[in-house]
Structure formats: C-alpha cells, structure tokens
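The values are calculated or read from the model by the stated rules, or taken from the named source; none is laboratory data. None of the values given here were measured: they were computed from a predicted structure. All Cβ positions, even for glycine, are placed from backbone atoms using ideal geometry, and neighbour counts span all protein chains on display.
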Amino acid sequence: MNQLERKETYDNHTFEDIKHIDENGIEYWYARELQKVLDYKE
C-alpha cells in the first residue's frame with residue numbers, strides 16, 4: 001500500500017475513535033493502537 005492509498009484508508013474519525021483524554025483534558029494516543037490504524041507491521 002503506497003502513502004496515498006494509506007491516507008485514504010484512515011481519516012480524523014478513525015483517530016477520534018482511539019483517542020484517550022487524561023484527567024487534565026490532554027489528548028493522547030497509544031502507539032499500539034496507532035500502529036493498527038496506520039497499518040504498520042511492527
């Protein structure tokens with residue numbers, strides 16, 4: 001999958017689905033969850 005195809009595969013909604021928010025309202029994402037969204041092997 002090339003970079004353009006990968007970009008079309010995910011969007012902001014996907015990132016919102018895996019977003020976490022701490023007690024101070026700071027948004028963060030887990031690398032393991034991002035790995036799956038971005039289709040990384042490792």
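List of remarks:
- Selection of first residues in the range 26-42 that are at negative phi and outside any loop (DSSP other than H, G, I, E, B) and of second residues that are loosely packed, with under 11 Cβ neighbours inside 10 Å and not β-branched (V, I, T), restricted to Cβ pairs under 7 Å at least 6 apart or on distinct chains, gives the following pairs, ordered by first then second residue: Y28/H20; Y28/D22.
- For the range 26-42, filtering for residues that are farther than 18 Å from H13 by Cα and among the charged types (D, E, K, R) leaves 2.
- Scanning the range 1-25 for residues being assigned to a loop (DSSP other than H, G, I, E, B) and at pLDDT 75 or above gives a total of 5.
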